[in-house]
Amino acid sequence: MQKLLLTIDKVSTFVGQFFSWLIVALTLMISWEVFSRYMLDNPHPWAFDVMIMMYGTLFMMAGAYTLSKAGHVRGDVLYGFFEPRTQATIDLILYIVFFLPGVFALTYAGYFYAAESWAVNEHSNVTAEGPPIYPFKTMLPLAGAFLLAQGIVEIIRCVICIKQGEWPSRIQDVEEVDVGKLKEMVHVKDEDIAKLDQFVSPQGSTK
C-alpha cells in the first residue's frame, strides 16, 4: 500500500514540476511583450489572454503537487499540538465532508465545460484576435483528476495514521536547511561557533 501511495506522490510531483516551467515561459513572454510594445511599438493583442491562461494553468496543475507535500495553507494554531491520531481524524472528516464533493464537482463539471468549448472551437473574446481557450479549459478536469487522486491518497494516509498512531512517509522534494546536518557536513562544532562569536564580538575583541 505504501508503495502505491508514494507512486501517486511521484506522479503529482512530476506534474507539478513539469508545469512549473510555465513560470519561465511566462517570464520570457512578459519580458518580450513589454520590449515589443514599448521599444518596437508592436504590441500583440493576444498576449494578455495567453498570459492569463498560462498563469491559470500553472495555478491549477500545482494543486495536487502542493497537496502531496502538505503545503496548502491551514489554520494550525491548535492542530500542531494534537496527537497524530487526532490530526488524522480531523483531516479525514474534512476530506470527506468538504474536499471530495468539491473536487469531484470540479472534475465532473469541468469535463463538460471543456467538451463544450472544444465542440464550438471557442476563442477568447476579451481582446482582438483572441487565442483558442479550449486547451486552457481542458486543464479544469485534468487538474481536478490529479487533485482527486492525491486527495484519495491523503485519505488513505489518514486511515493508516488512525490505525498505527503515526503518519506514513511521503515523497520529499524541497526541504528547509537542516542546521544540524549542515554542521556535520562542514565538520563544525557548537564550541567552534561559540569561539568564533566571542572573537568577532565587541567584548571578545577587547580581550
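Between residue 162 and residue 2, what is the spin-label point distance in nm, taking each point 7 Å from the Cα along the Cα→C-beta axis?
Calculated label separation equals 2.1 nm.
Once the Cα gyration tensor of the stretch 51-118 is diagonalised, what are the square roots of 5 times its eigenvalues, in whole Å and ordered largest first, as equivalent ellipsoid semi-axes? Each step should come with its number before you reach the end.
On the way: eigenvalues 186, 52, 12 Å².
Values for the stretch 51-118, descending: 30, 16, 8 Å.
Run the simple label-point estimate for residue 34 and residue 119 please: 7 Å along Cα→C-beta, distance reported in nm.
Spacing of the two 7 Å Cα→Cβ label points: 4.3 nm.
Using Stokes-Einstein with the Kirkwood hydrodynamic radius over Cα pairs, what translational diffusion coefficient do you get for the stretch 2-175 at 37 °C and a viscosity of 0.692 mPa s, in µm²/s rounded to a whole number? Write down the numbers at each step before the final one.
Numbers: Rh = 18.4 Å.
Value of D from the Cα-based Kirkwood radius: 179 µm²/s.
Points 7 angstrom from Cα along the Cβ direction at residue 145 and residue 127: gap in nanometres?
The answer from the label model is 3.0 nm.
Report the extension gain between residue 72 and residue 98 in nm, rounded to one decimal, defined as 0.36 nm multiplied by the number of residues separating them, less their alpha carbon distance.
On the way: separation 26, 0.36 × 26 = 9.36 nm, distance 1.48 nm.
Result: 7.9 nm gained on full extension.
Relative contact order of the stretch 2-175, please, whole-number percent, based on alpha carbon pairs below 8 angstrom and at least 6 residues apart. Write out the running numbers ahead of the final one.
Numbers: 185 pairs, mean separation 57.0, N = 174.
Over the stretch 2-175, the number comes to 33 percent.
We did not get these values from a lab; they are worked out from the coordinates using the rules stated. Computed from a prediction, not measured in an experiment: that's the story for all the values here. Using ideal geometry, Cβ is built from the backbone for each residue, glycine included, and neighbour counts are taken over all protein chains shown.
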